[in-house]
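For reference, the structure discussed in these notes is given below.
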Amino acid sequence: MLALLLCFGLYKHKQNVVSHVRLRSTNQYPSDADPDSGRLFFGVPIFSYTELQGATNNFDPSNKLGDGGFGSVFYGKLQDGREVAVKHLFNHNYKRVEQFMTEVEILTRLRHRNLVCLYGCTSRQSCELLLVYEYIPNGTLASHLHGHSANPTLLTWLIRIKIAIEIASALAYLHASGIIHRDVKTNNILLDKNFCVKVADFGLSRLFPDDASHVFTTPQGTPGYLDPEYHYCFRLTDKSDVYSFGVVLMELISSMPAVDMRRNKDEIMLASLAVRKIQRNEFEELVDPCFGVEKDGEVKKKVFAVGELAFQCLQIDKEMRPSIDEVLEILRKIEGGKVEEEDKDTGKDGNGGEVSKNTADIQAQAMTSINFDQIRLFKSASSPNNMIQKWRNGKVDQAKLFSI
């Protein structure tokens with residue numbers, strides 16, 4: 001009897017704690033008699049389930065904009081004429097409630113032109129967890145790069161570098177606000193009709209303490225974008241978003257998906273493929289042919305400069321990655337044509353011979369700060385220990401750069 005009483009007491013205590021963040025089901029209140037409708041929740045308007053049901057034509061499948069890991073998104077039109085995207089979260093359970101609360105809390109405190117705007121949500125008593133966003137009509141960046149909307153004539157290099165700058169600007173704003181997105185990927189980057197960026201989906205985001213260098217948390221995110229150090233060590237930092245952004249940069253350069261099971265088993269992850277191509281001085285094979293880099297030296301210079309930046313973001317050791325503020329500054333310089341110049345007339349190839357500025361050998365030098373002797377040393381190293389020791393005797397310890 002004492003054991004039963006103790007178990008019952010613990011159960012009731014847990015229920016009281018969960019009730020602070022959990023939405024109550026409609027067994028208590030019917031959805032069409034929503035007592036909180038018209039009020040505010042975390043500072044945003046509350047919509048009744050009935051109103052959103054009507055706006056989406058009862059969540060008609062023909063209005064579905066897409067599916068994600070946590071729910072489906074439907075197109076809708078409110079009574080005041082506003083076009084909206086309504087996210088319908090799966091599984092009305094504690095985990096989904098937590099993500100729902102996180103997304104509402106974070107988006108209500110943020111105002112940035114490259115972050116999606118939250119119009120409101122359903123109430124605590126609604127039978128479904130629904131978030132109401134501004135409708136972004138041009139789909140995701142993923143669909144334009146390698147999906148059903150892919151069109152090389154529309155997504156030119158000038159537009160792509162502008163997109164990269166706007167994503168970096170949104171992430172810099174988030175980090176300055178003490179927020180780590182934790183799920184940066186091309187499927188979470190929306191584009192309006194002018195190809196302006198709206199970063200979306202903050203269900204996995206984390207508020208970051210001001211005085212902390214990292215937080216320990218179970219790794220969450222999307223395969224292909226997940227920071228390896230976070231994945232293996234459970235240490236989440238702002239550099240985790242930088243790694244994911246590096247993958248996005250490689251997608252912008254190559255138009256390839258971050259994960260593709262049709263590629264060779266050691267090239268399924270775009271990050272691994274990119275590092276391998278750089279190591280072999282074959283980076284140009286990754287560049288989308290639509291850029292015409294073989295005919296346009298200026299575009300070629302900028303593409304390779306962005307590739308170098310992506311390479312820095314993809315380094316395994318987070319301390320060797322730039323901050324998102326540094327990334328943003330570099331991207332703006334590249335867009336403005338302020339790429340660091342090397343010898344205008346000649347350079348040195350891997351054997352010490354002179355080559356012209358526009359040859360393929362110089363491309364690898366534009367890609368990374370690693371010189372040709374170091375790359376050759378990496379290829380010929382007989383053991384990891386020998387390689388690390390030799391690199392430490394060089395200018396910097398860069399052995400970890402390729403260990404992805």
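Values in this text are rule-based calculations from the coordinates and carry no lab data. Being a predicted model, the structure only gives us computed values, none of them experimental. FYI the Cβ positions are ideal-geometry reconstructions off the backbone, even for glycines, and counts take in every protein chain you see.
Things worth noting here:
- Contact order for the stretch 120-196, expressed relative to its length and based on alpha carbon pairs under 8 Å spaced 6+ residues apart, stands at 43 percent.
- Among the GluC sites (Glu not before Pro) in the stretch 281-315, those placed in a DSSP loop whose Cβ has at most 16 other Cβ atoms within 10 Å are GLU282, GLU294.
- Annotation for the stretch 79-183: chymotrypsin sites (Phe, Trp or Tyr not before Pro) lying in DSSP loop with at most 15 further Cβ atoms inside 10 Å of their Cβ are PHE90.
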